[in-house]
1. State, as an integer percentage, the relative contact order of the chain based on alpha-carbon contacts under 8 Å between residues 6 or more apart.
2. Give me the lysines in straight-line cross-link reach of residue 252: C-alpha distance below 29 Å, same-chain residues under 8 apart excluded.
3. Going from most exposed to least, what order do 97, 130, 302 have by accessible area with a 1.4 Å probe?
4. Enter the per residue convex hull volume of the range 216-331, computed from alpha-carbon coordinates, in Å³ rounded to the nearest integer.
5. Find the percent of Cα-Cα distances in the chain that exceed 28 Å, and round it to a whole number.
6. What 222 nm value per residue comes from the helices of the chain, counting each DSSP H run with n ≥ 4 as -39,500 (n - 2.57) and dividing by all residues, nearest 500 deg cm²/dmol?
7. At what distance in angstrom do the alpha carbon centres of the range 87-123 and the range 10-56 lie from each other?
8. Order 198, 242, 142, most accessible first, counting only protein heavy atoms with a 1.4 angstrom probe.
Amino acid sequence: MKPKHVAIVGATGAVGNVMREILESRNFPVASIKLLASERSVGKTYKFRGENVAVQTLTPDSFKGIEVALFSAGADRSKVFAPEAVKRGAVVVDNTSYFRMQPDVPLVVPEVNPEAIKKHKGIIANPNCSTIGLVMALYPLHKAAKIKRAVISTYQSVSGAGAKAIYELEEQAKAYAAGKPIEVKKFQYQIAFNLIPHIDQFLPDGYTKEEVKMMQETRKIMGDDSIRVTATCVRVPVFYAHSESVAIETEKPLFPEKARELLSKMPGVKVQDEPEKNIYPMPLFAGGKDDTFVGRIRKDESVENGLTFWLVSDNLRKGAALNAVQIAEHL
Ligand code: NAP
Ligand code: 3JN
């Protein structure tokens, strides 16, 4: 591939920083890199391939000469600036929810639906971080046994809520240990030593937007609107990596041994399932890794063809930056 002129929009954020690292570590062919953020970040610099790169303010003209633009600066910025980037000739890989469910925008996990990339009209959407981990595990099982229904509970790390949320958990834990008052800014309640069953806004039907994103995006990526999905999304006091408890009901019988074999063959998935040796996926070890880890695979006896398992995936890597860079590599 000819080296590309690349921009990272939201370069100072939790996802943007990992995007920069992944472009470098995967040797993405970068001719030049532009780091874009808000005016607040002017003056900051970051290293890319040994050179200091200064952060610039995001404007429509930031995209002059840019061929690939990776967006992770929130849906409001994507709405305004992604079309500006496309107008100037860039292909946009967008990490926000803004374009994900638009019918003419491909929503892609390269291990699952790489063929969708070809249909892009300038913008390709990266799914929500919890959805990506989920479909990495569901896809090979769906191909083999057709999933009718999936019930998911998530355990989402604070890094899913951005750089300030990582800092907040750290500060709350330190304050607790020092016997000082705990300050709450980013979440609805104290997150240290707590769980919050509330991510993104509540909708009139009682679900949160985060839950609805998972339910809708899963069907779009898997290309099957008949799969019924329900989710409960919970914030947990973990820094990196989202965990999920998943229960599926399939049309054909699917035994745990077969599921283990199918998941072991899925690129980007690692099975960690030796309960007798206390081996199962955990966020402490999945953070910083590229794979989606699956374990605790067992038969769900409460329905006819039921299987239940546990998965963990780094939300900033496969859940965001890595998946976006993989899409750019496919381009
Ligand atoms: P973050 O740490 O809060 O970073 C937000 C980034 O957006 C910063 O670089 C910020 O720049 C920039 N930004 C905010 N307002 C801006 C403006 N008016 N103009 C230009 N840049 C602006 O958040 P994050 O976790 O990286 O997530 C960013 C987005 O990625 C989310 O909104 C979400 O849509 C998506 N996403 C996140 C995750 C995840 O696990 N965290 C996973 C999937 C998708 P300043 O530093 O200058 O404010
Ligand atoms: O909270 C998490 O763990 C993941 C959050 C993702 C997120 C945060 C703010 C806005 C998103 C997303 O990727 O769906 C959005 C958004 O773009 O709507």
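The values are calculated or read from the model by the stated rules, or taken from the named source; none is laboratory data. For clarity, every value in this text was computed on a predicted model and none was experimentally measured. Cβ coordinates were reconstructed from backbone atoms using ideal geometry, including for glycine residues, and neighbour counts include every protein chain displayed. Note: areas computed on protein heavy atoms with side chains; ligands, DNA, RNA excluded. Shrake-Rupley method; radii C 1.70, N 1.55, O 1.52, S 1.80 Å.
1. Details: 743 pairs, mean separation 59.6, N = 331.
Answer for the chain is 18 percent.
2. Counting by Cα, and skipping residues close in sequence, residue 252 has these lysines nearby: 143, 146, 148, 213, 220, 265, 270, 299.
3. Details: 97 50, 130 0, 302 95 Å².
Accessible-area ranking of 97, 130, 302, largest first: 302, 97, 130.
4. Values: hull volume 15.8 nm³, N = 116.
Enclosed volume per residue, from the Cα hull, is 136 Å³.
5. Details: 22626 of 54615 pairs.
Above the 28 Å cut-off, the chain has 41 percent of its Cα pairs.
6. Values: 8 runs with 94 residues, N = 331.
Calculated from helices alone, the mean residue ellipticity at 222 nm is -9000 deg cm²/dmol.
7. 22
8. Details: 198 45, 242 5, 142 25 Å².
Of 198, 242, 142, the descending order of accessible area is 198, 142, 242.
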